[in-house]
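Since the structure comes first, as structure tokens, the remarks are kept for the end.
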Amino acid sequence: MRKLYIAGNWKMNLVPSEAAEYAASLAKAAKDADVKVMIAPTFVCLPAVVEAVKGSSVIVAAQNVNDHESGAYTGEVSCKMLKDIGVNTVILGHSERRQYYGETDEFINKKVLFALENGMDIDLCVGETLEEREGGKLEEVLTRQIEVGLCGVSEDQMSKITIAYEPVWAIGTGKTATPEDANNAHAFIRSLIERKFGSTVAENTIIQYGGSVKPSNVKDLMSREHIDGALVGGASLTLEQFLPIINCNK
Ligand code: 13P
């Protein structure tokens, strides 16, 4: 039985003082939630947010990490730095990183392997653009992103990996994939994981949906067989919207 995993990707929003205040309220409010909860603030907010949620079950994640131990990589943040402040989870391969910062599947794979070597948990994002979907390339794109993104990952290491299916055309647009479409894409991703890692790993892998998730559509999405959680952007920025999402199974 897969436990629902609801994550908030704050992207480049909230300054540290706002982030800490919100995180503290969220930690209190999420106390009775029956789901795994994660929030991913910007790097600069991480120390304050880690402090604010201390003692709660809320997981704090980074939105990116470098694929080297340390050294001359201006502007970058290492796994060791994150772990030193108590951050053990990272989102990798987000479509905004792919789209605006040129991250390729091969590059994302290097980060996945390095983060795993450093004992981190990973939320790996995959998903097609509208052009790819309309061009009938959904399965081809997902196959490449999963095959290359998880190349070299062992069956055991898969317990550290969550997949987030985020159709690019549904991110921040107000357009949500229908629960059927999302579920079909999730089922396909699970079949790819089964082919690569076997049925036990496939059964246990959490696959989140992301793309305009909000209080009004979350229940329907989460009720589908292969949808095991959500990676929420805009609606994760206020308690008013994020709390009902976290409580979607109540
Ligand atoms: P929105 O929920 O704002 O569409 O963003 C989804 C997302 O990209 C989460 O990583």
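The values are calculated or read from the model by the stated rules, or taken from the named source; none is laboratory data. Note that the coordinates shown come from a computational prediction; the quantities given were computed from them, not determined experimentally. Cβ coordinates were reconstructed from backbone atoms using ideal geometry, including for glycine residues, and neighbour counts include every protein chain displayed.
Things worth noting here:
- Inter-residue pairs, beta-carbon under 8 Å, first over 10 Å from Ala52 (Cβ atoms) and touching a residue at least 12 places away in the same chain (Cβ under 8 Å) and in the range 16-32, second of a type in the set (A, V, I, L, M) and not in a helix (DSSP H, G or I), 6+ apart: Ala30/Val37; Ala30/Val58
- Whichever residue in the range 124-141 is surrounded by fewer than 22 Cβ atoms within 10 Å (Cβ to Cβ) and closer than 22 Å to Gly229 by Cα and, among such residues, is nearest to the ligand (Cβ to nearest atom): Thr129
- Top-ranked residue in the range 142-165 [being in a helix (DSSP H, G or I) and touching a strand residue (DSSP E or B) at 6+ places or on another chain (Cβ under 8 Å); ranked as surrounded by the most Cβ atoms within 10 Å (Cβ to Cβ)]: Gln145
Yes/no per residue for (1) at pLDDT 95 or above; (2) over 17 Å from Phe114 (Cβ atoms); (3) under 18 Å from the mean Cα position of the chain (by Cα):
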{"site": "Ala20", "(1), (2), (3)": "yes, yes, no"}
{"site": "Ala27", "(1), (2), (3)": "yes, yes, no"}
{"site": "Lys36", "(1), (2), (3)": "yes, yes, yes"}
{"site": "Ser56", "(1), (2), (3)": "yes, yes, no"}
{"site": "His68", "(1), (2), (3)": "yes, no, no"}
{"site": "Thr74", "(1), (2), (3)": "yes, yes, no"}
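- Hits in the range 154-165 (condition: within 13 Å of the ligand (Cβ to nearest atom) and without any contact (Cβ under 8 Å) to a residue 60 or more places away in the chain): Ile163, Tyr165
- Being free of Cβ contacts under 8 Å to residues at least 12 places away in the same chain, farther than 25 Å from Glu140 by Cα and within 13 Å of the ligand (Cβ to nearest atom) is not true of Ser236.
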